[in-house]
Amino acid sequence: MIKRIEGFDKYIGVTGFRNAKIEDAKGFLNGIREKTEGVSVQFFNANLIAGPEHLYFAALNALKAFESNLNISNSLAVETLLYASAQRQIKKAVELLGIKVESSEVAVLVLAETEAKVRETLEAISEFIQGIHDDDVIELSDEKIEMVRELFGISDLELEAKLEKKGFEKEALINLVMEQMALLAIKH
């Protein structure tokens with residue numbers, strides 16, 4: 001997914017990889033950032049991402065935080081990680097949603113000034129990462145629901161209260177995740 005973020009003159013790209021092999025997470029991140037100068041790139045454990053809208057909303061909140069000088073970190077990429085995890089502490093956000101050596105399903109978020117720069121960066125990442133490009137790893141699957149609920153502390157009661165119609169549990173959960181991220185902005 002690549003789309004323009006209205007009001008910020010930025011483009012966001014979100015993609016995923018299955019069977020990724022990361023032997024040195026810190027070295028991997030540094031290598032990618034060297035090849036993608038002037039672009040914000042963040043990697044996430046895709047097993048805990050509640051769909052592309054989860055990452056889009058995290059990026060939007062991060063941009064708003066920087067615009068209003070309420071950002072927690074000095075990096076737009078790190079700020080997106082904070083919002084995606086609904087955490088104020090960078091270390092905790094990395095522990096919860098960051099990639100690790102054992103991460104095999106990886107979500108990638110790219111923020112840039114132009115759509116072309118997002119595409120170019122995603123292509124560079126595709127060449128650098130060892131894995132199979134697969135955007136399905138980002139989607140909220142039945143297997144991910146309990147892990148996402150646990151990460152965000154979403155109870156049965158909250159989920160039931162948010163449900164408008166039976167069969168729309170995933171949509172309700174995605175909305176609750178976005179509410180958790182929005183609450184982080186209010187806590188500043």
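The values are calculated or read from the model by the stated rules, or taken from the named source; none is laboratory data. None of the values given here were measured: they were computed from a predicted structure. Virtual Cβ from ideal backbone geometry, glycine too; neighbours counted across all protein chains shown.
Okay, here's what the table says:
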{"quantity": "Positions within region 64-93 being outside any loop (DSSP other than H, G, I, E, B), within 25 Å of Ile129 (Cβ to Cβ) and touching a helix residue (DSSP H, G or I) at 6+ places or on another chain (Cβ under 7 Å), in sequence order", "calculated": "Leu76, Val78, Glu79, Thr80, Leu81, Leu82, Tyr83, Ala84, Ser85, Ile90, Ala93"}
{"quantity": "Exclusive hit being closer than 20 Å to Phe28 by Cβ and touching a Ser or Thr at 6+ places or on another chain (Cβ under 8 Å), set Ile125, Ile129", "calculated": "Ile125"}
{"quantity": "The one condition in (1) within 15 Å of the chain's Cα centre (by Cα); (2) aliphatic (A, V, I, L, M); (3) outside any helix (DSSP H, G or I) that Leu96 fails to fulfil", "calculated": "(3)"}
{"quantity": "Residue match in region 53-66 (condition: touching a residue at least 12 places away in the same chain (Cβ under 8 Å), basic (Lys, Arg) and either surrounded by fewer than 16 Cβ atoms within 10 Å (Cβ to Cβ) or at positive phi (or both))", "calculated": "no"}
{"quantity": "Test: Ala185 is surrounded by 14 or more Cβ atoms within 10 Å (Cβ to Cβ) and among the small types (Gly, Ala, Ser)", "calculated": "yes"}
{"quantity": "Glu158 being surrounded by 15 or more Cβ atoms within 10 Å (Cβ to Cβ) and either more than 20 Å from Ala58 (Cα to Cα) or modelled with pLDDT of 95 or more (or both)", "calculated": "yes"}
{"quantity": "Qualifying positions in region 5-30 - surrounded by fewer than 16 Cβ atoms within 10 Å (Cβ to Cβ) and part of a strand (DSSP E or B)", "calculated": "Ile5, Arg18, Asn19, Lys21"}
{"quantity": "Val14 vs. criteria in contact (Cβ under 8 Å) with a residue 40 or more places away in the chain and over 25 Å from Glu179 (Cβ atoms)", "calculated": "no"}
{"quantity": "Complete set of residues in region 105-155 that are out of contact with any Gly (no Cβ under 8 Å at 6 or more places or on another chain), surrounded by fewer than 17 Cβ atoms within 10 Å (Cβ to Cβ) and not acidic (Asp, Glu)", "calculated": "Thr114, Ala116, Ala124, Ser126, Gln130, Ile132, Ser141, Ile145, Met147, Gly153, Ser155"}
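Listed here are the residues, each with its yes/no results for (1) assigned to a loop (DSSP other than H, G, I, E, B); (2) at pLDDT 95 or above; (3) touching a helix residue (DSSP H, G or I) at 6+ places or on another chain (Cβ under 8 Å); (4) more than 16 Å from Ala46 (Cβ to Cβ).
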position: Lys100; (1), (2), (3), (4): yes, no, yes, no
position: Glu123; (1), (2), (3), (4): no, no, no, yes
position: Asp142; (1), (2), (3), (4): yes, no, no, no
position: Leu183; (1), (2), (3), (4): no, no, no, yes
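Each row is one residue, and each column tells you yes or no for (1) free of Cβ contacts under 8 Å to residues at least 60 places away in the same chain; (2) of a type in the set (Gly, Ala, Ser).
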site: Glu105; (1), (2): no, no
site: Val110; (1), (2): no, no
site: Arg119; (1), (2): no, no
site: Gly153; (1), (2): yes, yes
site: Glu158; (1), (2): yes, no
site: Ala185; (1), (2): no, yes
